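The values are calculated or read from the model by the stated rules, or taken from the named source; none is laboratory data. Just so you know, these numbers come straight off a predicted model, no measurement behind them. Glycine also receives a Cβ, built like all others from the backbone with ideal geometry; neighbour counts cover every protein chain displayed. For accessibility, only protein heavy atoms count, side chains too; no ligands or nucleic acids. Shrake-Rupley method; radii C 1.70, N 1.55, O 1.52, S 1.80 Å.
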Amino acid sequence: MPRMTPSEAMVETLAANGVTDIFGIMGSAFMDAMDIFAPAGIRLIPTVHEQGAGHMADGYARVSGRHGVCIAQNGPGITNFVTAIAAAYWAHSPVVCITPETGSMTQGLGGFQEAQQLPFFETITKYQGHVANPARMAEFTARCFDRAMLENGPTQLNIPRDFFYGDINVEIPQPIRIERGAGGEQSLQQAAALLAEARNPVIISGGGVVMADAVEECKALAEFLGAPVVNSYLHNDSFPASHPLWCGPLGYQGSKAGMKLLSRADVVLALGTRLGPFGTLPQHGLDYWPKQAKIIQVDCDAKMLGLVKKISVGVCGDAKAAAVSILERLQNLNVSCLENKGARAGEIAAEKAAWEAELDQWIHEKDDYSLDMIAEQAEEQGSYLHPRQVLRELEKAMPEDVMVSTDIGNINSVANSYLRFEKPRSFFAAMSFGNCGYALPTIIGAKTAAPHRPAISYAGDGAWGMSMMEIMTCVREHIPVTSIVFHNRQWGAEKKNQVDFYNRRFVAGDLENPSFADIARAMGAEGVTVDKLEDVGPALKAAIARQMEEGKTTVIEIMCTRELGDPFRRDALSKPVRHLDKYKDYC
Ligand SMILES: Cc1ncc(C[n+]2csc(CCOP(=O)(O)OP(=O)(O)O)c2C)c(N)n1
Ligand SMILES: [Mg+2]
């Protein structure tokens, strides 16, 4: 076995796993390994903050299907990772988070930058490899890479910093990639039988379809059945939007057409989705989940089957292999819904046309608060645009092959209705962890993995404040992106709850901001302020041209009214109750 140092063993194992980019901030803890990154073909991309590095690794993984890797200094560098790793966990991203820790000879003595680093990540990783002995460096490194792929989620490689040094004899393990099958014979047969009997089947195409590269197989199945396909919540890139069977996303600010069609289903094929609890919340006043329908759920994680929604058949399998197998079985059966295929196609087209017409006319929000804000702001100096109109203009100006990341916020949520994609691995919303500050660093990671694709991030002004410093990473490292900031001078999404439940008693909701275009320019990027509707599309197109042709990053701040769309969690709040006299006015 070759003789090497543990640093060499770690770096060789990274190389064996195809690692070419790592996001992070340098530190003495891993300097010995860092020193040989470049000769191993690895670029360490320095970020402004480790949270940004974690999100970049997430975006990198989501667009490429390969590992995203991040690394930082023991103690504070590692605690800065926590939010990003939690976000990657809920985005099912194979991120390997390398966490050098304080030296083994001083651990527990309360030295410098000491922390128990494993407990922080215990519930937000799929596997934690703690290098228990320097001789096992390659083994644990390799396992972290294997498990991240096997379980579709982040893993942690924790290394006492003194364990980078020494001499070991070690063979570098080759990556273990396990092929997934279609699922159990019986469950696949039951699934096909249920679909064969259906009169009105609907397919939900989830994140598993994206991750398994199964869009073509999903399409073949949908075309055979003539079944409408809805995207699961925030997986708008799981079916091509130009396809006649595409009906848009379910859930918060999703497609009315998709939700109406789903509500009429007698059999639902939920392909590659855990059917998460927020993905099927009532929306637009529609409680659309078809409670009487038979549900077939396909997920590669058996623990997700039937976890949230009652199911008739659970298939533990890969979305692609399962779609192929179900279609093959259907081709040998008498398929009832082939008889009414034409009528259903007509219904799909009519629902889609109605929803598009509604969106076209839905220029602004019409609730009392929004109308008051629109009237108030008409009196103010400056001009402010209706978010929905802005989102429609952006949609129309989107370049081909675009990648879009979105943040958490009211306008970003409303954007769900206007974000359509032709290709998988194009949409990177902050998923179930729902942290503000997600979009910019995530799109930087995506752009690093796919430099030939146009990259756009959306964020509200509040979320932008949490993350905008990573524009410096774009400029310093020549990773050009285009960032849209919806400048509505408020933490709008949360303020909406104060409108709906707290009688407009606003606490800490308003933001008086500087010009984000000025800040962008100070960071070395282009900065553009848009306050006319006709400038929205051209501003985006010009920024994309600068990104693709000149390698320039642009921040476009769009001045928006303070109107607010429907809230996310109406279900989770209730009207305030006050028992104490001194708070009696706060009901
Ligand atoms: C890290 C983090 N902190 C706080 C929240 C709670 N939160 C959710 S949306 C939101 C407001 C977002 O405001 P902004 O980014 O300006 O977008 P807007 O809603 O105004 O469109 C807040 C504070 C969160 N989701 N994540
Ligand atoms: Mg805002």
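Can we say Ile159 is in contact (Cβ under 8 Å) with a residue 60 or more places away in the chain and assigned to a loop (DSSP other than H, G, I, E, B)? Walk me through it before giving the result.
Values: in contact (Cβ under 8 Å) with a residue 60 or more places away in the chain: yes; assigned to a loop (DSSP other than H, G, I, E, B): no.
Here the answer is no, as Ile159 does not meet what is asked.
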**OP:** Would you check if Pro39 is under 24 Å from the mean Cα position of the chain (by Cα) and surrounded by fewer than 18 Cβ atoms within 10 Å (Cβ to Cβ)?
**Re:** no
Subject >> Test: residue in segment 449-462 that is surrounded by fewer than 18 Cβ atoms within 10 Å (Cβ to Cβ) and of a type in the set (Asp, Glu) >> reply: no
**OP:** List every residue pair whose Cβ atoms lie under 8 Å apart, where the two residues are 6 or more positions apart in sequence or sit on different chains, the first residue falls within segment 1-24 and is basic (Lys, Arg), and the second residue, located anywhere, is modelled with pLDDT of 95 or more and outside any helix (DSSP H, G or I).
**Re:** Arg3/Asp167; Arg3/Ile168; Arg3/Asn169
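Among the residues of segment 530-537, is there at least one that is away from ligand 1 (no atom under 14 Å from the Cβ), among the aliphatic types (A, V, I, L, M), open to solvent by less than 40 Å² (accessible area, probe 1.4 Å) and part of a strand (DSSP E or B)? Steps first, please.
At the first step, the residues of segment 530-537 found to be away from ligand 1 (no atom under 14 Å from the Cβ) are 530-537.
In the following step, the residues that additionally are among the aliphatic types (A, V, I, L, M) were identified as 530, 533, 536.
Filter again for open to solvent by less than 40 Å² (accessible area, probe 1.4 Å), leaving 530, 536.
Going one step further and asking which of them are part of a strand (DSSP E or B), we end up with 530.
Yes, because at least one residue in segment 530-537 is away from ligand 1 (no atom under 14 Å from the Cβ), among the aliphatic types (A, V, I, L, M), open to solvent by less than 40 Å² (accessible area, probe 1.4 Å) and part of a strand (DSSP E or B).
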**OP:** Being within 26 Å of Glu197 (Cβ to Cβ) and among the aromatic types (Phe, Trp, Tyr) is the filter; apply it to segment 214-249 and report the residue that is surrounded by the most Cβ atoms within 10 Å (Cβ to Cβ).
**Re:** Phe239
Original post:
Can you name the residue in segment 481-490 that is assigned to a strand (DSSP E or B) and among the aliphatic types (A, V, I, L, M) and is also nearest to ligand 1 (Cβ to nearest atom) among such residues?
Top reply: Val485
Subject >> Filter result (more than 16 Å from ligand 1 (Cβ to nearest atom), assigned to a helix (DSSP H, G or I) and under 18 Å from Ala446 (Cβ atoms)) within segment 47-89 >> reply: Ala53, Met56, Ala57, Gly59, Tyr60, Ala61, Arg62, Val63, Ser64
Original post:
Within segment 54-74, can one find any residue that is at pLDDT 95 or above, of a type in the set (Ser, Thr, Tyr) and buried (at least 24 other Cβ atoms within 10 Å of the Cβ)?
Top reply: yes
Original post:
Restricting the search to segment 463-478, which residues are open to solvent by less than 10 Å² (accessible area, probe 1.4 Å) and either more than 9 Å from ligand 1 (Cβ to nearest atom) or outside any helix (DSSP H, G or I) (or both)?
Top reply: Ser467, Glu470, Ile471, Thr473, Cys474
**OP:** Please work out which one of (1) modelled with pLDDT of 95 or more; (2) more than 16 Å from ligand 2 (Cβ to nearest atom) is the condition Asp407 fails and give its number.
**Re:** (2)
Original post:
How about segment 423-450: which of its residues are more than 16 Å from ligand 1 (Cβ to nearest atom) and either in a loop (DSSP other than H, G, I, E, B) or within 17 Å of Phe81 (Cβ to Cβ) (or both)?
Top reply: Lys423, Pro424, Arg425, Ser426, Ile444, Gly445, Ala450
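Which members of segment 410-422 meet the condition of being open to solvent by less than 30 Å² (accessible area, probe 1.4 Å) and either away from ligand 2 (no atom under 16 Å from the Cβ) or assigned to a loop (DSSP other than H, G, I, E, B) (or both)? Walk me through how you get there before you give the answer.
Applying the first criterion (open to solvent by less than 30 Å² (accessible area, probe 1.4 Å)) to segment 410-422 yields 410-419, 421.
Passing the criteria: Asn416, Ser417, Tyr418, Leu419, Phe421.
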Original post:
What are the pairs, 6+ residues apart or on separate chains, where a residue within segment 444-455 that is hydroxyl-bearing (Ser, Thr, Tyr) has its Cβ under 6 Å from a residue that is in a loop (DSSP other than H, G, I, E, B)?
Top reply: Thr448/Ile479
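Among Val202, Val210, which is assigned to a strand (DSSP E or B) and in contact (Cβ under 8 Å) with a residue 40 or more places away in the chain?
Of the residues listed, the single one that is assigned to a strand (DSSP E or B) and in contact (Cβ under 8 Å) with a residue 40 or more places away in the chain is Val202.
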**OP:** Considering each residue of segment 174-194, count those that are open to solvent by less than 40 Å² (accessible area, probe 1.4 Å), touching a helix residue (DSSP H, G or I) at 6+ places or on another chain (Cβ under 6 Å) and either within 30 Å of Met4 (Cβ to Cβ) or not in a loop (DSSP other than H, G, I, E, B) (or both), and give that number.
**Re:** 3
Original post:
Which one of these does Lys366 not meet: (1) open to solvent by less than 50 Å² (accessible area, probe 1.4 Å); (2) closer than 30 Å to Arg489 by Cβ?
Top reply: (1)
**OP:** Could you tell me which of the residues Val577, Val507, Val499 is modelled with pLDDT of 95 or more and crowded, with 18+ Cβ neighbours inside 10 Å?
**Re:** Val499
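Take the residues in segment 491-526 that are among the aromatic types (Phe, Trp, Tyr) and in a helix (DSSP H, G or I); name whichever of them is farthest from ligand 2 (Cβ to nearest atom).
Taking segment 491-526 as the starting set, the residues that turn out to be among the aromatic types (Phe, Trp, Tyr) are 491, 501-502, 506, 516.
Going one step further and asking which of them are in a helix (DSSP H, G or I), we end up with 501, 516.
On the way: Phe501: 19, Phe516: 11 Å.
Going through the qualifying residues, I end up with Phe501.
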**OP:** Quickly run through segment 214-239 and pick out the residues that are farther than 14 Å from Arg344 by Cβ and of a type outside the set (A, V, I, L, M).
**Re:** Glu216, Glu217, Cys218, Lys219, Asn231, Ser232, Tyr233, His235, Asn236, Asp237, Ser238, Phe239
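When residues of segment 435-483 are filtered for being within 16 Å of ligand 2 (Cβ to nearest atom) and among the polar types (S, T, N, Q), how many remain?
Of the residues in that region, 4 qualify.
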Original post:
Does segment 274-282 contain any residue that is under 19 Å from Asp566 (Cβ atoms) and hydrophobic (A, V, I, L, M, F, W, C)?
Top reply: yes
Original post:
Residue check: is Glu526 among the acidic types (Asp, Glu), more than 13 Å from ligand 1 (Cβ to nearest atom), in contact with a strand residue (DSSP E or B) (Cβ under 9 Å, 6 or more places away or on another chain) and touching a residue at least 24 places away in the same chain (Cβ under 8 Å)?
Top reply: yes
**OP:** For Phe568, state whether it is touching a helix residue (DSSP H, G or I) at 6+ places or on another chain (Cβ under 7 Å), open to solvent by 10 Å² or more (accessible area, probe 1.4 Å), within 15 Å of ligand 2 (Cβ to nearest atom) and not in a helix (DSSP H, G or I).
**Re:** yes
Subject >> Hits in segment 416-443 (condition: in contact with a Ser or Thr (Cβ under 6 Å, 6 or more places away or on another chain), aliphatic (A, V, I, L, M) and within 24 Å of Ala517 (Cβ to Cβ)) >> reply: Ala439, Leu440, Ile443
